[in-house]
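Read-outs: derived from the displayed coordinates by stated rules, not from any lab. Predicted model, so just to flag it, every value in this text is computed and none were measured. We place every Cβ from the backbone using ideal geometry, glycine too, and count neighbours over all the protein chains shown.
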Amino acid sequence: MKRRASEPADPAAALASELRPGQSIELLKELHILTREGKLNQDSRRKLKQVYHLVQFIEREMREGFAPDAAITLADHGAGKSYLGFMLYDLVFAQRPGHVYGVETRAELVDKSRLLAERLGFGRMSFLNLSVAEAGASKQLPPRIDIVTALHACDTATDDAIRFGLQKEAASMVLVPCCQAEVAASLRQHKALALARTPLAELWRHPLHTREIGSQLTNVLRCLYLEACGYQVTVTELVGWEHSLKNELIVARKTGRGKRSAAERLGQLLDEFGLQALRETRFDLLPA
């Protein structure tokens, strides 16, 4: 029988080209990225591409910010099924000292992750049934965390991850925000007043634009906040838009030198968009 043009000549070789050398096939099956037969479907391929790309950014932060033998602590917020944490451990932490903490509110997912880590012998992983907001004060985490990451932590959970990183004096934060509704709700609430005050309010007069402007503004405010608190910030795409609509990647590296100009611009934007209340909630850790 002739092979179809779309079928690979060697399925095993095709799969190997998608994976990294030495990567645990058992782990990928347990995470349902691979089927039990060891195959990779299109949906899983997209998920794998996202995680690989994020791993590359985290690896770079580790390589450029720490000695090769340094024991790095990493907290993964909104961990879900801990795809990112497990793959980081398999690809990076298995070859160097350190500890991975997965923080997740759904107890059943925490229990499953604990069992999987035990079964795979991933001894330097801990899974905590906490919200991101609770994690900062929890004694289950060390006083200092080197790298903070949050992949698609919804709405204000990304802000909580930033607060956690600031409290723990993280050297790096790698964040992919998701479902940002708080600022959009504030824009919607004060829309009539804003339309009377400034023509800029036309940018969010329509509900769809309100959501998009709110999301964009949220991330701009986060970046200014991080710069004001002493971080160098880079904003880029996680992967191509064909793989994910929630695609913005914020990488913040600690310099220890807060930018006064960033704090001033942050305050000006809050005033301009009628978001002054956020000074007391999301941005209350701004340096004096």
Checklist entry - For GLN56 and LEU286 in the same chain, what is the full-extension length gain: residue separation times 0.36 nm, less their Cα-Cα distance, in nm? => result 79.8 nm
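As a test of the definition: which semi-axes, in Å, follow for the range 151-231 when you take the square root of five times each eigenvalue of its alpha carbon gyration tensor? Largest first, please.
Values: eigenvalues 157, 35, 17 Å².
Each semi-axis is √(5λ); the values are 28, 13, 9 Å.
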Item to check | Mean residue ellipticity (222 nm) of the chain, computed from DSSP H runs ≥ 4 via -39,500 (n - 2.57), nearest 500 | outcome: -13500 deg cm²/dmol
Checklist entry - Relative to the longest principal axis of the chain, what angle (0 to 90°, nearest 10) does the C-alpha long axis of helix 157-167 take? => result 90
Checklist entry - Given 4 °C and 1.567 mPa s, how large is the Stokes-Einstein diffusion coefficient of the chain in µm²/s, with Rh as the Kirkwood radius over Cα pairs? => result 63
Item to check | Between the range 108-147 and the range 245-288, the alpha-carbon center distance in angstrom | outcome: 28
Next on the checklist: I need the per residue convex hull volume for the range 114-263, using only the alpha carbons, in cubic angstrom as a whole number.
Outcome noted: 150
Item to check | Label-to-label distance, nm, for residues given as ARG265 and ARG205 (7 Å Cα→Cβ offset) | outcome: 2.8
Checklist outcome for this item: Stretched fully, the stretch from ASP69 through CYS154 gains (0.36 nm per residue minus C-alpha distance, one decimal, in nm) 27.2 nm
Checklist entry - For labels at GLN42 and ASP111 in the simple 7 Å Cα→Cβ model, what's the distance in nm? => result 3.6
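Please compute the contact order of the range 23-179 in relative form: average sequence separation of alpha-carbon pairs under 8 Å and at least six residues apart, divided by the residue count, as a percent.
On the way: 249 pairs, mean separation 32.8, N = 157.
So the answer I get is 21 percent.
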Next on the checklist: How would ARG20, ARG253 line up from fewest to most surrounding beta-carbon atoms within 10 angstrom?
Outcome noted: ARG20, ARG253
Checklist entry - If you take the Cα atoms of the range 23-179, find Rg, then find the Kirkwood Rh from the mean of 1/r over all pairs, what is Rg/Rh? => result 0.94
Checklist entry - Using alpha-carbon positions, what is the distance between the centroids of the range 149-217 and the range 22-43, in Å? => result 35
